[in-house]
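S.K.: Sharing a structure, written as structure tokens. Questions coming.
The values are calculated or read from the model by the stated rules, or taken from the named source; none is laboratory data. The shown structure was predicted, so the numbers you read here are calculated from the model rather than taken from an experiment. Methodologically, a virtual Cβ is constructed for each residue, glycine included, from the backbone with ideal geometry; neighbour enumeration extends over all protein chains shown. The protein model used for the area step is the full one, side chains on, heavy atoms only, and it has no ligands, DNA or RNA in it. Shrake-Rupley method; radii C 1.70, N 1.55, O 1.52, S 1.80 Å.
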Amino acid sequence: MRWNSSTAWIILVYIAFGSLWIILSDGFLGLVARDPAQLVQWQQYKGIAFVAATALLLYGLLSYRQRQLARSEARQRLFIQHAPAALAMLDTRLRFMLVSDRWLKDYGLSGENLSGRGHYEVFPEIPQRWRLVHQRALRGEVVRAECDYFIRPDGRTQWQRWEVRPWYREDQSIGGILIFTEDITQQKEAEREMRIAAKAFETRQAMIITDDAQRILRVNRAFCETTGYQPEEVIGQTPTLLKSGRHDADFYRELWQQLNQHGEWQGEIWNRRKNGQIFPEWLHISNVIDDQGRVSHYIGAFDDISEHKQAEAQIHSLSYFDVLTKLPNRRLFIDRLQQALLGSARSGHCGAVLFIDLDDFSALNDTQGHDVGDQVLIEVSRQLLAAVASDDTVARLGSDEFVVVIEHLDSRTDAAMVEANRAGEQLLAAIRQPIRIAGSDYVITGSIGISLFNGSTDRVGDLLKRADAAMVQVKKIGRNCLHFFDQDMQLALEQRVELEALLRNAIPEQLRLHYQPQLDACGQLIGAEVLVRWQDPHKGLISPAQFIPLAEASGLILPMGQWILHSACEQLARWQQEPLLQQLSLSVNVSPKQFQQANFVQRVLEALSASGADPTRLKLEITESLLFDDVERVTQTMTQLKSHGIRFSLDDFGTGFSSLSYLKQLPVDELKIDQSFVRSLETDDNDAAIVRTIITLGQNLGVGVIAEGVETETARDLLIAQGCQWFQGFYFAKPMPLDELERWWTQVGHQSARLFS
């Protein structure tokens, strides 16, 4: 039993009253006792009573203290158990003595009785660092941590602030340790969220925070970089200091109306930087609502979209304007011409489309280089713009082709033609002005075709075709002048459109293949050239001179060329089964458009594979015009095909303008002398010289030479004398269907040597 002041006072009072009782009782006994023996007996009883009384007193005191201690321990246990903090009391052997409910909850042990259980028994995987803390506390240290963590049994990380200290017995010896912990997980998460928010606030997007009165509270670094203002210059101000003045009061009224109704607004807005520069931005504003449902703050986030606007303008320019000359391109020109037609229909005034083609521009480009050619185009564009009214349109359709739309001409056709003629002459004069580039003067001319319109029934496509047709007529009559579209040209144009429609339906059912024999110097048949014919059921046989250019212009040459290629390969495969014909080769003309297809190599190989033809018996004829596009790409395509055994013939050789340096790069097997030189071989010394040069060139380059268009015996003899190897022409045989070719060779071919005797 622990003594305290109240216990001491009780004992002192007991002793005082006991002493007084003994004194008084002795006197009283002396008065009432009958004899000394009775007095002694009574004094013995008095001593026994005193001892009994003392024993009862001590028992009462002990019971009282035990009840007090029990109540104190109960209060202590109750306090610890229901304490708001997590508390645990352990003895020196680290066995649990008292544990608060909060401590059990934090450690996932709610409802368990830990009294008497060892700490390491309950937590067998406790980290070593905490074991060391317990040992330090048992040695008398007080150990604290403001921020620590542990992994709960459910796997969740809990952050806490803790303290471990010893507790002492009455003799001041250490009786164990006390562990105090405080869960600060929410605080840590709040701090993390604040760090994330702060990091997010410092993004590349400009951000601004205001109070409910729109006073600026905070801005981020991106805001300062975008506007040029520093934080101290704007905090306390309102966003109105950024106003550009481009938006009226209605704009801001609608903005705030939507913001108040929906809690946010976003859109494009123009603001002003500190330096006065006005810039576009994409702004998003949202409001922040407090617990009472009132707006407490506004958050604005915006991006400077100046570069985006510039990119849009650039895309618009690329879509509607020519990159080199900055003139409207075909797309924008068509739109403006449509507007001109509508305006003409409303006003009754005529207008004119002038199609302009620069004369011999390709030769200038080839001889002087593309840099000079580009500069010429730029200067011509400026001259054309200067020669027309500001409301007229000058556009570049491509390469050296320009088109001009003249509006507001006279309502009478004859008078409008005079005005259009005058405008065309001004444009021709403008084109002829000398152009000075790098110290040299260049003079170029143009050919102009004119088509009038009055907006009633005219269509854009028809106007362009008419003007283009008129320009082609100028090329035929001498260039450097202008020509109007007339009814004869209209009739020819309609016939062309009709023929194109017929041709589109004719492929391949109405197409027929003819073969013109090719012979060597000994008169032996070495092969044939495949030529296409069109047998229309109503118009009869249509000349290739009519439909081949049409097929080229319309793109129909692609399906036509593929059909011809497949048919030729199938014929080669059939000849391979005939002993007398298996050594023959077939020459197939390949259109530049066909050759430039990205999958041309694959298409040729597929045709050979499908038919089973020998690739070495297939000869593809190409023209020099291919070299104007991309000689490296042409060479690469030819090389790929030659690796499979396919041979190449350079058709119409001598009529193009390609450099001879290109010729040595091309993997050709044969030069084909154009028939225009062969036909006048007997009468024109220049043509004869050209033929001799081509034959010598072929011999020096190690490639074969074949002459087409051989029509006379004299021409044949001259070619043989010059060393020509192979021949083709009407002197030997005209192009014929397959059955006639085979019959011709069977009946006449073995006697063909007489043609060379």
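S.K.: Which one of L259, L241 is aliphatic (A, V, I, L, M), open to solvent by 30 Å² or more (accessible area, probe 1.4 Å), in a helix (DSSP H, G or I) and farther than 30 Å from S399 by Cα?
M.R.: Working: L259 fails: open to solvent by 30 Å² or more (accessible area, probe 1.4 Å).
Being aliphatic (A, V, I, L, M), open to solvent by 30 Å² or more (accessible area, probe 1.4 Å), in a helix (DSSP H, G or I) and farther than 30 Å from S399 by Cα holds for just one of L259, L241, which is L241.
S.K.: Also: Being at pLDDT 95 or above, out of contact with any helix residue (DSSP H, G or I) (no Cβ under 6 Å at 6 or more places or on another chain) and of a type in the set (D, E) is true for just one of E570, E578, E529. Which residue is that?
M.R.: Matching residue, one of E570, E578, E529: E529.
S.K.: Another question about this same structure. May I ask you to verify whether V133 is within 60 Å of the chain's Cα centre (by Cα) and of a type in the set (A, V, I, L, M, F, W, C)? Break it down into steps so the answer makes sense when it comes.
M.R.: Details: within 60 Å of the chain's Cα centre (by Cα): yes; of a type in the set (A, V, I, L, M, F, W, C): yes.
So V133 fits the description; yes.
S.K.: Same structure, new question: With respect to A573, is the statement that it is part of a helix (DSSP H, G or I), of a type outside the set (V, I, T), touching a Cys at 6+ places or on another chain (Cβ under 6 Å) and at negative phi true? Before the answer, list the steps.
M.R.: Values: part of a helix (DSSP H, G or I): yes; of a type outside the set (V, I, T): yes; touching a Cys at 6+ places or on another chain (Cβ under 6 Å): no; at negative phi: yes.
Answer is no for this residue.
S.K.: Ok, one more. Quick one: which of E146, E121, E170 is modelled with pLDDT under 90 and closer than 25 Å to K188 by Cα? Please lay out each step first, then the result.
M.R.: Working: E121 fails: closer than 25 Å to K188 by Cα; E170 fails: closer than 25 Å to K188 by Cα.
Among E146, E121, E170, only E146 is modelled with pLDDT under 90 and closer than 25 Å to K188 by Cα.
S.K.: I want to confirm something. Restricting to the range 524-538 and keeping residues that are farther than 10 Å from Q510 by Cβ and either of a type in the set (A, V, I, L, M, F, W, C) or surrounded by fewer than 17 Cβ atoms within 10 Å (Cβ to Cβ) (or both), which single residue is farthest from the chain's Cα centre (by Cα)?
M.R.: Residues of the range 524-538 farther than 10 Å from Q510 by Cβ: 524-532, 538.
From the residues that got through so far, the ones that are either of a type in the set (A, V, I, L, M, F, W, C) or surrounded by fewer than 17 Cβ atoms within 10 Å (Cβ to Cβ) (or both) too are 524-526, 528, 530-532, 538.
On the way: Q524: 61, L525: 58, I526: 55, A528: 52, V530: 47, L531: 47, V532: 46, H538: 53 Å.
Within the range 524-538, the match that is farthest from the chain's Cα centre (by Cα) is Q524.
S.K.: Name every residue in the range 271-284 that is without any contact (Cβ under 8 Å) to a residue 40 or more places away in the chain and either open to solvent by 60 Å² or more (accessible area, probe 1.4 Å) or under 22 Å from D212 (Cα atoms) (or both), in order of residue number.
M.R.: R272, Q277, W282, L283, H284
S.K.: Does at least one position in the range 297-309 carry a residue that is assigned to a helix (DSSP H, G or I), modelled with pLDDT under 90, open to solvent by 70 Å² or more (accessible area, probe 1.4 Å) and among the small types (G, A, S)? Explain how you work it out, then say what you get.
M.R.: Within the range 297-309, the first condition is being assigned to a helix (DSSP H, G or I), and the residues that meet it are 306-309.
Adding the requirement that they be modelled with pLDDT under 90 leaves 306-309.
If we keep only those that are open to solvent by 70 Å² or more (accessible area, probe 1.4 Å) too, we end up with 307-308.
Cutting the leftovers down to among the small types (G, A, S) gives us none.
So far as the range 297-309 goes, no, none of its residues is assigned to a helix (DSSP H, G or I), modelled with pLDDT under 90, open to solvent by 70 Å² or more (accessible area, probe 1.4 Å) and among the small types (G, A, S).
S.K.: Another question about this same structure. Can you name every residue in the range 475-490 that is surrounded by 12 or more Cβ atoms within 10 Å (Cβ to Cβ) and at pLDDT below 75? So that I can check it myself, show each step before the final result.
M.R.: The first filter runs over the range 475-490 and keeps only residues surrounded by 12 or more Cβ atoms within 10 Å (Cβ to Cβ), leaving 475, 479-486, 489-490.
If the condition is that a residue be surrounded by 12 or more Cβ atoms within 10 Å (Cβ to Cβ) and at pLDDT below 75, then D486, M489, Q490 are the ones that fit.
S.K.: Continuing with this model, one more query. Are there any pairs, at least 6 apart or on different chains, whose C-beta atoms fall under 9 Å, with the first in the range 590-613 and closer than 13 Å to W563 by Cα and the second of a type in the set (K, R), and if so, which?
M.R.: Q594/R603; S611/R574
S.K.: Only one of I673, I646 is buried (at least 16 other Cβ atoms within 10 Å of the Cβ), in contact with a helix residue (DSSP H, G or I) (Cβ under 8 Å, 6 or more places away or on another chain), modelled with pLDDT of 95 or more and not acidic (D, E). Can you tell me which?
M.R.: Working: I673 fails: modelled with pLDDT of 95 or more.
Criteria check complete, one pass: I646.
S.K.: Of the numbered conditions (1) free of Cβ contacts under 8 Å to residues at least 24 places away in the same chain; (2) within 41 Å of the chain's Cα centre (by Cα); (3) more than 30 Å from G369 (Cβ to Cβ), D630 fails exactly one; give the number of that condition.
M.R.: (3)
S.K.: For the range 681-695, what are the residues that are touching a residue at least 24 places away in the same chain (Cβ under 8 Å) and either of a type in the set (S, T, Y) or open to solvent by less than 80 Å² (accessible area, probe 1.4 Å) (or both)? Please lay out each step first, then the result.
M.R.: Just the residues of the range 681-695 that are touching a residue at least 24 places away in the same chain (Cβ under 8 Å), to begin with: 681-682, 688, 690-692, 694-695.
Those that are touching a residue at least 24 places away in the same chain (Cβ under 8 Å) and either of a type in the set (S, T, Y) or open to solvent by less than 80 Å² (accessible area, probe 1.4 Å) (or both): L681, A688, I690, V691, I694, I695.
S.K.: Quickly run through the range 141-180 and pick out the residues that are exposed (fewer than 11 other Cβ atoms within 10 Å of the Cβ) and within 17 Å of A88 (Cα to Cα). Spell out the reasoning first.
M.R.: Narrowing the range 141-180 to residues exposed (fewer than 11 other Cβ atoms within 10 Å of the Cβ): 146, 153-157, 169-173.
Answer for the range 141-180, where residues must be exposed (fewer than 11 other Cβ atoms within 10 Å of the Cβ) and within 17 Å of A88 (Cα to Cα): just R169.
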